[in-house]
Every structure is written in structure tokens, then in C-alpha cells.
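Student: Got a structure here, written out as C-alpha cells. Questions coming.
The numbers here are math on the coordinates, done by the rules we state, and not lab data. What you see is a predicted model; the values in this text were computed from it and never measured. Don't worry about glycine lacking a Cβ; one is built from the backbone with ideal geometry, like all the others, and counts go over all protein chains shown.
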Amino acid sequence: MSSETRPETRTVHVPHVPIEGSRPIAVPIYQTSGFSFDDPAVMAESMGHPDKSFVYGRYSNPTVRSLEQAVAGLEGGAAAVATGSGMGAINTVLLGLLKPGDHLVAQNSLYGGTAAMLNELIDRFGIEVTYVAENDPAALRAAVRPQTRLVYLETISNPMTLVADLPGMCAVARELGILSVVDNTFASPLLCRPIEHGADIVVHSSTKYLGGHSDIVGGIAVFADAALYERVWHFAIELGASPDPFAAWLTLRGMQTLALRMERHCSNALHLATRLQEHPAVTAVHYPGLASHPSHELAGKLLSGCGGVFSFDLAGGREAGERFMSSVRLALLAPSLGGVETLVLHPATTSHRALSAEELRRCGIGEGTVRVAVGIEHPEDLWADLARALA
């Protein structure tokens, strides 16, 4: 900038320091809403393609792109679209690929927000939904119609921790020309990579294990195929579900300890679930790491760990559940999961509150069901807290 420029202008147009001969160790935060160009033609071309120059924060951003490439690499995908929340990722995929009159098949046990969104698709857009068991490829095949476009699964279901038969279900979908979408939030790419089992799209609430510290809200969708990614990317920028660069940066920072955290989450969860199934106040414990769980054998084949979330049923129903949750002291009564601290909630009145009594039964959620998202605290401290609350 010319030295003749007046101070009022020079305070606006501050110099950008170029980096030469070295590179930053940490990914920089590009906290900018847009990018300027020297060539109008380059700017025009960049606005229509995800792999061209950065233009505007809603389209992409270097910090966000680093996150997208990191998660796509972990999942074995071609590319990814980051969003402002996990539901943002799910809705970007569903709304970007479905139209009125389409049909999708979903597994019975789903996260409450996803189930509520599927009801919205039915009521507002005339999209039909059929529910089947997560481990029944024959039921999936029987449910498919000429209008079927998607099958929707969760690697480990929320909150009953049922493990989907990804190889079987995705094989049927691929054979019949249907896209398969898998929510891999509970497993993370460290425990399972659905694309390796035939999935076309993997979604995450990066709020959970990817971020891992209860300080961001974010989501991401990973695509096995680059053409499918570009198709959804065009819809995503119009939908406007893009993430903030600072949230993307915090997610990247959290991911650097993902392997260490997941090991502790899994070992703590197994320790607590094993002890809870012996407690007289508990009628059932739902965790695939237990031999009594219906998905135990499948989990051993698909997962390198059973995750940090389990649920259990109390003999006294809702009253017992409320009494338990008001009695914990170390564990926190709070929504979400995947952070370093242990959280508990009552699914029927919180995460799955939008579901009818019939839908709750279909998911396997009872009045006395409690979900525990296990943190990385010492397992004996956690057990002492749960045992005291149960007493």
C-alpha cells in the first residue's frame, strides 16, 4: 500500500505477512468471511467448484478444509463436507439427495433427532420411511421399492448400542442401486470405518468424539465417491449449514488425542457395564462389549472397541431413573456425549423426547432407561458415584 494513503484507510487495509521458508506446526485459524482475488475470471470459476480457490466462508475455508480432509482420510473417503452441527450434516445429506415421493429405509433404533427429522420428511415432504432391524439384510431387501433412494443406519445405535450389520446391509443396498448412509458418531473412525464395509456416506456429529472436549458443535459428512460429494456440496452451500472456522480448529485440536481418549472411553465403559449388570437395581445393561448383548458377536467382527456409551434399565421405571440422575455427583446430568467427562441422561424425556410411546418401544427405550456417556475419569471413581446413586 502506498505511503501516501491516509491513516483512516491504512487502519482498514492491514498488511498480510507471507510465510516463506517455514510452515506452521498447528493448522492456522482462517477467521475470515471471504477471500479477495486479483483476477475476476478466477473468482467466477471458483464459486462453482469445491476444489478451486477459496471464495467465501459459506463455501469453504482453509481451516474447515483441513478438518474435512482429515476426517475423510480417517474414514477412507474421497472428500467431506463439514457443517455447523451433527444434525446439519444429516439434514444436508437427506435433503440434498431426497425429493418428494422418494422412499428410504431406516433401522428401528435411531438417535431421537434423526427419528424426528424422518417424521418431518414424512409430514412435510411426502417422503416415505420404512423401519427394519439394523442386522437384517433380508428385511431390507423386502422393504425396498422402486422409489427407494437411501438406507440409513447407525454403526452403534443411540442409545441402545445395537451394532448394524454394515457389510450385509450395505451389500444389499449396493446390489439394488440404493445409497447407504451410516452415522458413525458412536464408534468414531478409530473403532469402525463404514466405507470399508460398503457405505456410500458416513456422517458424524463432530461435537462428540472427534472434538472430544464439550466445547464445540459441529458435524461432517464423508463421501466414498467424489461425484456424490460434489453433488451434495452444491446443495450444502445453498443450505448454509457451514461451520465456523474456530469450531473447525478446535475439532482438529481435539482429534489429535482421539486414539488415546477412545481407548479410555472403551475400557471405562466396559468396566462400568460389567459391574452394573450384577447390581440388583438394574434389570438390563445394553453394551455390545457384554456377552449378553445381542450385538456382541457382530461387534467383535466389525469394531476394534465397543465405544464409550451404554444404557441400562432400572427396576423402578421413570421414578427410579429420575432419582438416579438426581443422585449422581461426579457424573453430570447433561445432553451430548464424547467429552472427557461422564454424562448421564434419561432418553425418553431428553434425547428421544419427540418420539411417541410406540416409537420409543420400537427403539427399545423404556421408562427406566438411563444412558451413560462415559468419560476418561478413573473407573473406580465413576463406579463409586454410580453405586452411590443406585443406593
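Student: Measuring from centroid to centroid over Cα atoms, what is the spacing of the range 98-140 and the range 198-252 in Å?
Tutor: For the range 98-140 versus the range 198-252, the Cα centre distance is 21 Å.
Student: Right, here's the next one. Across the range 249-260, in residue order, what do the Karplus-derived ³J(HN,Hα) couplings come to in whole Hz, using 6.51 cos²θ - 1.76 cosθ + 1.60 with θ = phi - 60° and x for Gly and Pro?
Tutor: 5, 5, 5, 4, 5, x, 5, 5, 10, 4, 4, 5
Student: Would you please name the GluC sites (Glu not before Pro) within the range 76-185 that are DSSP coil residues with at most 12 other C-beta atoms within 10 Å of their C-beta?
Tutor: none
Student: Evaluate the distance, in nm, between pseudo-label points positioned 7 Å from the Cα of ARG361 and of SER267 along their respective Cα→Cβ axes.
Tutor: Going by the 7 Å Cα→Cβ label model, 4.3 nm.
Student: Can you run phi through the Karplus equation (6.51, -1.76, 1.60; θ = phi - 60°) for the range 225-241 and list ³J(HN,Hα) in whole Hz, with x for Gly and Pro?
Tutor: Karplus-based 3J(HN,Hα) across the range 225-241 equals 10, 5, 5, 5, 4, 5, 4, 6, 4, 4, 5, 4, 6, 6, 5, x, 8 Hz.
Student: Then there's this: Please work out whether the range 81-127 counts as rounded, prolate or oblate from its C-alpha gyration tensor, where a ≥ b ≥ c are the square roots of the eigenvalues and a/c under 1.5 means rounded, while otherwise a/b larger than b/c means prolate and anything else oblate?
Tutor: Oblate, since a/c reaches 1.5 and b/c is not below a/b.
Student: Right, next: Return a whole-number percent for the relative contact order of the chain, with Cα pairs under 8 Å and 6 or more residues apart as the contact set.
Tutor: Contact order relative to length: 17 percent.
Student: Related question: For the range 268-288 and the range 320-380, what is the centre-to-centre distance using only Cα atoms, to the nearest Å?
Tutor: The two parts, judged by their Cα centres, are 14 Å apart.
Student: Just to verify a number: FRET efficiency for ARG318 and VAL17, C-beta to C-beta distance, R0 = 51 Å, to 0.05?
Tutor: 0.30
Student: Are there any trypsin sites (Lys or Arg not before Pro) in the range 255-345 that are in a DSSP loop and have at most 14 other Cβ atoms within 10 Å? List them by number.
Tutor: In loop regions of the range 255-345 (DSSP not H, G, I, E or B), the sparsely surrounded trypsin sites (Lys or Arg not before Pro) are ARG329.
Student: Let me have the 222 nm mean residue ellipticity of the chain computed from DSSP H runs of 4+ only, each contributing -39500 (n - 2.57), with the sum over all residues rounded to the nearest 500.
Tutor: Using -39500 (n - 2.57) per qualifying helix, the result is -11500 deg cm²/dmol.
Student: Take the Cα radius of gyration of the chain and divide it by 2.2 N^0.38 Å, with N its residue count; two decimals is plenty.
Tutor: 1.07
Student: Mind putting together the pair-distance distribution for the range 40-255? All Cα pairs, 10 Å bins, whole percent per bin, short to long.
Tutor: For the range 40-255, the pair-distance distribution reads 9, 36, 36, 16, 3, 0.
Student: Calculate the FRET efficiency for GLN69 and SER33 from the Cβ-Cβ distance with a Förster distance of 30 Å, rounded to the nearest 0.05.
Tutor: That gives a FRET efficiency of 0.90.
Student: A follow-up question, please. Run the simple label-point estimate for MET47 and ILE25 please: 7 Å along Cα→C-beta, distance reported in nm.
Tutor: According to this spin-label approximation, the distance is 4.1 nm.
Student: Sort 144-150, 93-99, 17-23 for me by packing, meaning the mean count of neighbouring Cβ atoms within 10 Å per residue, highest on top.
Tutor: 93-99, 144-150, 17-23
Student: Over the range 258-390, one equal point on each Cα, no solvent: what is log10 I(q)/I(0) by the Debye formula at q = 0.12 Å⁻¹?
Tutor: Treating every Cα as an identical point scatterer, log10 I(q)/I(0) equals -0.43.
Student: Still on this model: Modelled label-to-label distance, HIS234 and SER3, 7 Å Cα→beta-carbon offset: nm?
Tutor: Distance between the two pseudo-spin positions: 5.2 nm.
Student: Take PHE125, PHE312 and order them by how many other Cβ atoms sit within 10 Å, fewest up front.
Tutor: Ranking PHE125, PHE312 by Cβ neighbours within 10 Å, fewest first, gives PHE125, PHE312.
Student: Cβ neighbours within 10 Å, averaged per peptide: list 185-192, 364-371 in order, most packed at the top.
Tutor: Highest mean packing first, the order is 185-192, 364-371.
Student: Would you pull out the residues with amide H under 5 Å of THR369's amide H, same chain only if 5 or more places away, H placed 1.01 Å from N?
Tutor: Amide H to amide H, under 5 Å and 5 or more residues apart or across chains, THR369 pairs with LEU314.
Student: Going by amide H atoms built from the backbone, whose H comes under 5 Å of the H on ALA284, apart from near neighbours?
Tutor: ASP313
Student: Direction-averaged shadow area of the convex hull around the Cα atoms of the range 1-69, nm²?
Tutor: Taking the Cα atoms of the range 1-69, their convex hull projects to 6.7 nm² on average.
Student: Subtracting the Cα-Cα distance from 0.36 nm times the residue separation, let me have the gained length for ARG275 to ARG124 in nm, one decimal.
Tutor: 49.8 nm
Student: So, one more: Give me the extension gain from PHE246 to ARG353: residue separation times 0.36 nm, minus the current Cα-Cα distance, reported in nm with one decimal.
Tutor: Extra length available between PHE246 and ARG353 comes to 35.4 nm.
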